[in-house]
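Data block below; observations after.
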Amino acid sequence: MTEDLLARYEKYMNPGLARIFRFTGIEAVEDHGSGALLWDEDGQEYIDCAGGYGVFVQGYQHPRIVAKAQMQLGKLALSSRVLESRPAIDLAAKLAELTPGDLQYSFFCNSGAEAVEGALKFARVATGRTKIISTMGAFHGKTYGALSVSGRETYRQPFLPLLPDIVHVPYGDTEAVASAIDHTTAAVIVEPIQGEGGIIVPPDQYLPSLRDLCDQTGALLIADEVQTGIARTGYLFAVEHSHVVPDLLCLAKALGGGIMPIGAIVGRPRAWTFFEHSPLIHTSTFGGNPLACAVAEEALAVTVQEQLPERARVLGRYFMDGLRRLQSQYPLAILEVRGRGLMIGLELAAAGVGGALISALFQRKVLAVYTLNNERVIRMMPPLVVTKVQLDTVLERFEDALQQVYPDIDDLLD
Ligand SMILES: Cc1ncc(COP(=O)(O)O)c(C=O)c1O
């Protein structure tokens, strides 16, 4: 069954990725999910620590969010795009209430890359400037604009030339931004914690300093919270750790409650004035559709009512302590455990160790993935509804996986 499906995946979709699935032994077909658990078509149960790369904050198939989707689906899924749409307006008002400072207006789209794409356009039109400062190792998506500000050459090189006037500076380095920023800079775009770059937490003063530099030069600060947003790091939005209000905030992934794709750009009034003169300057046919917006509003309500930010903080500390104990037992394999809330990265001694560990974890029914721009880092991002007992099980299985991999450590080091 699986082999037939993989053969068809190879034939009709992505031959290269099919080979990787075979090579790593990850040959299982997902079937259904609930909370932090996923089952394959053979009935095998997995604890999901990949969390759909940040999508599954409220867990798989949260009953309240599913019910909301079913209710809205029975009424109106897509917008006429002629009349006003209540779910979109309700969601925008809710985001204005929940986001920090005077973030007020929302534009809805369908993915993270689209949110970044829009934010770059908004920054250019709002300031009349073109230069964008981004960071090395950043991941902002793979459409042309988003790719232009992303920081991994493997993905950029085949598509050159990308957008002009983009400067990449080292992540976490305020001085580097200070040297690059000037009165032609439209925006600085930054992830509050670099996700695909390897779960990199910047120094505490980093975001406040970027805020100051933007204020001094009239550039906009774009926070890409596509991965960190919606409670993942212990606050509803990761910028809240440093009390910084960005001019534009990009959201997607967990905003859809694990049920629907949706992205959003939330902006302060000063970054939104151009809509006054040109209301159709940026549009999306499916963006802001009633189904996705109704689901997203319910997802936010669940996130707040189930106190998922607090849960991320408490469980994150507990899980990180357990992973650090493993690090002290297996120091040649795990160099560092870092992160915030339930956004945790394990820096391994070599990419080979990561690959072997991910396969060994899969055999033990734990799903984990490396970060896209840094293959030496395994990410641990379980849904925030994961239980302490499930985390204990992950830690036991992780130790077992390390015991399998450790004897070969010399061969696995690059
Ligand atoms: C920080 C960040 N921005 C943007 C994106 C792109 O989102 P999408 O894959 O929905 O286009 C991602 C995806 O991983 C991301 O982590």
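What follows is calculated from the coordinates using simple rules that are stated; it is not laboratory data. Computed from a predicted structure; not experimentally measured. Cβ sites come from the backbone with ideal geometry, for glycine too, and all protein chains shown count toward neighbours.
Quick rundown of the values:
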| item | result |
| --- | --- |
| The chain, dipole about Cα centre (Lys/Arg Cβ +1, Asp/Glu Cβ -1), debye to the nearest 20 | 840 |
| Ellipticity estimate at 222 nm from DSSP helix runs (n ≥ 4, -39,500 (n - 2.57)) divided over the chain, nearest 500 | -12500 deg cm²/dmol |
| ³J(HN,Hα), Karplus 6.51/-1.76/1.60, whole Hz, each residue of the stretch 375-382, x for Gly, Pro | 6, 8, 10, 8, 9, 10, 9, x |
| Inter-centroid distance (Cα atoms) of the stretch 85-147 relative to the stretch 265-333, Å | 13 |
| Greater than 32 Å apart at Cα, pairs in LYS68/LYS388; LYS94/LYS142; LYS75/LYS253; LYS11/LYS131 | LYS11/LYS131 |
| With at most 15 neighbouring Cβ atoms within 10 Å, loop GluC sites (Glu not before Pro) (DSSP) excluded, longest segment of the chain | 85-414 |
| Under the Karplus curve 6.51 cos²θ - 1.76 cosθ + 1.60, θ = phi - 60°, whole-Hz ³J(HN,Hα) for the stretch 314-320, x wherever Gly or Pro sits | 5, 5, x, 4, 5, 5, 5 |
| Separation of alpha-carbon centers, the stretch 19-70 and the stretch 150-167, rounded to whole Å | 32 |
